[in-house]
């Protein structure tokens, strides 16, 4: 049990910090490499969802997974009105003297909810790990340029990195929530479907053929299948 807690905590947290560290070292304003990372994460997330998560909810008898998947998709669309698409790599470079609270809260809520089913879905933990790298990069680039205290910058970044592990820990240690596990998994499926497909569609702007991007996408699908 403790090894599962450690795995669910360490991997998403490390993914967020890894993305932030990459952004800190490279400090790109419009990173070309971010697009390839996004393409890989989008394919990996979509593969995890199709190969692992969807079968896990549709095999449950007398459970209407479709309704909750659609609910998760719609909920993610609503969240993105606040986050302005940061979940799938949209960067916002305007400098402000305060934290963009609506964007930050929506990203934290998204991270918390997607962490809830991690305790029973090892493949999802890896999917969230990969997903956190570009989000960590985008969030770092937005927050690090703010004219706020260094303490607020660092604490907000660490708080975000803790959200998915917190979702998993709280759900696993709260009595009475276990019957809702499949419902939350279905919600997360809807959220991930929206994010992954948006990433893949937006990565193909101009509809120009790109062999490198195609290879990255196929690699993402292949690795997600092997988990």
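Where a number appears in this text, it was derived from the coordinates with a stated rule and is not lab data. This one's a predicted model, so the numbers in the text were calculated from it and none came from an experiment. Heads up, the Cβs are rebuilt from the backbone with ideal geometry, glycines too, and the neighbour counts pull from every protein chain shown.
Structure data summary
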{"read-out": "Helical contribution to [θ] at 222 nm, DSSP H n ≥ 4, -39,500 (n - 2.57), averaged over the chain, rounded to 500", "value": "-24500 deg cm²/dmol"}
{"read-out": "Overall form of region 2-226 per C-alpha gyration tensor (a/c, 1.5; a/b vs b/c)", "value": "oblate"}
{"read-out": "Residue among 139, 214, 150 with the largest mean-square fluctuation in a Gaussian network model of the chain, springs linking Cα atoms under 10 Å", "value": "150"}
{"read-out": "Model label zone, residue 173; criterion: amide N under 18 Å from point 7 Å along Cα-to-beta-carbon; scope region 104-145", "value": "112-113, 115-120"}
{"read-out": "Cα-only radius of gyration and Dmax that characterise region 143-227, units Å", "value": "18.6, 52"}
{"read-out": "Shape category assigned to region 98-197 from the gyration tensor of Cα positions, a/c cut at 1.5", "value": "prolate"}
{"read-out": "Relative packing of peptides 160-169, 59-68 - highest average C-beta neighbours within 10 Å first", "value": "160-169, 59-68"}
